[in-house]
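Worksheet: one structure, shown below.
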Amino acid sequence: MRLYGQQSGGSIGMSHGQMEPYSHDREYQARILPGVSRTFALTIPVLPKKLADVVATAYLLCRIADTIEDDPSLEHEWKTEFHQRFLAVIEGEEDAEAFAVALTPRLSDQVLPDERNLVRNTARVVRVLRGFSTGEQQAVTRCLVVMCSGMPKFQRNKSLMGLRDLEELGAYCCVVAGVVGELLAELFCMHCPDLLKHRRKLRRLAVSFGLGLQMTNILKDTWEDRRRGTCWLPQVLFSGRGSQLKRLEKFHSTDDFQAGLKSLIGVTHRHLRNALEFTCMIPMREAGIRRFCLWTLGLAIMTLKKLYRNPYFTSGDEVKVSRRTVKATILASNLNTASNRRLRWLFSWASRGLPISQAQTATVMCRAGRPHGVGVDRSLRSNLRSGGSAPDSRAVMAAAMRSPS
């Protein structure tokens, strides 16, 4: 994708309703989205137009936060500073152009061109955010506070030894993906007030939905992550030995590794089954939202099947879902969108043969991150501003995610 010029003009800190976001800013988002996420570029457009705009903007802002954290050449002190400044931009306390001008030259060559382009055009995305309702802006801000406060604990202590156990994996997934699932649940409730009576259950299932997608990516990207010096697999499922995970080239062909992989696929399958129940709670008339969920869920379950059938894979390309499978998944989802009974049957058929863990395991993983509510504790922002160390993930989720039901 070609690089696009930076758009200037207007104060980013203006109040909602003071200036309608420029149409070319929205057009920019549509152009850049396929370059940073092929999956979301496929699924977001099926949402109702206004909701699609909010979700696309939220995703791109989350991607900017990810780009800061994922750049292997950016020192931790700079990551902390730029996460602080990014949140200040979102809250209207700093100019987005100044932030982008300061950050872009510090990004290494390992950052993809489209990600660099997105950072350089932060102001465009923020201008679009300013055009949304106060509730929508607050929901997006809360999500970003949790991500920017919680990611560092894991990213800056990552190693080839893997994570300790399922609770630690759950806490990590909650910070990077469960909170996004909960954001989607909040946005869906704003769009469809009928969902408010199911808000508590919807949020809980949305977190599990996020965990299922993140765990699918963790499994698929095992070898790519390893080349970046990272392993997100939980030691407890692999004979409890991080030293074995560190020697994955030899360990992955053993019975111990295969047993651990099968168990983790089972846990992921359980989360994706929760994602189906989340989808079935969406009213039938909201076909766009249901399709958004179904397409994403379908692609995840087909990836999980490829992982299960090819446990000795050594590259993400070996378990990549084909274009033909993508088209078939979309077609099958569309034909069954209006029937929960048929969707449950289709899911059972598509996931046949996959192991599945007890529901209690998924619940423990979600509780590890305390994913309840969407309120923000200002102490999290204060901690970042003061240059304090990254807070414990449980504290992040408990403090940053409180709200009345």
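Of note:
- Selection within the stretch 153-175 - crowded, with 23+ Cβ neighbours inside 10 Å and assigned to a helix (DSSP H, G or I): Leu169, Gly170, Ala171, Tyr172, Cys173, Cys174, Val175
- Matching residues in the stretch 58-80 - criterion: being outside any helix (DSSP H, G or I) and among the hydroxyl-bearing types (Ser, Thr, Tyr): Ser73
- The single condition from (1) part of a helix (DSSP H, G or I); (2) modelled with pLDDT of 95 or more; (3) not hydroxyl-bearing (Ser, Thr, Tyr) that Met284 fails is (1).
- The lone criterion from (1) within 22 Å of Glu182 (Cβ to Cβ); (2) among the aliphatic types (A, V, I, L, M); (3) surrounded by fewer than 22 Cβ atoms within 10 Å (Cβ to Cβ) left unmet by Val267 is number (3).
- Taking each residue of the stretch 125-136 that is at pLDDT 95 or above and looking for partners that are among the polar types (S, T, N, Q) with beta-carbon atoms closer than 7 Å, six or more apart or interchain, yields Val125/Gln29; Val125/Thr57; Val128/Gln29; Val128/Thr57; Leu129/Thr57; Leu129/Gln137.
- Of the set (1) within 15 Å of Cys231 (Cβ to Cβ); (2) over 13 Å from the mean Cα position of the chain (by Cα), all apply to His198 but (1).
- So Gly210, is it within 25 Å of Pro311 (Cα to Cα) and crowded, with 20+ Cβ neighbours inside 10 Å: yes
- Yes/no for Ile289 being touching a helix residue (DSSP H, G or I) at 6+ places or on another chain (Cβ under 7 Å), farther than 20 Å from Thr337 by Cα, part of a helix (DSSP H, G or I) and in contact (Cβ under 8 Å) with a residue 60 or more places away in the chain: no
- The condition of being surrounded by fewer than 21 Cβ atoms within 10 Å (Cβ to Cβ) and either over 17 Å from Val146 (Cα atoms) or touching a Cys at 6+ places or on another chain (Cβ under 9 Å) (or both) holds for only one of Glu81, Glu94, that being Glu94.
The values are calculated or read from the model by the stated rules, or taken from the named source; none is laboratory data. Because the structure is a prediction, the values reported are computed rather than measured. Note that each Cβ is placed from the backbone with ideal geometry, even for glycine, and that neighbours are counted across all protein chains shown.
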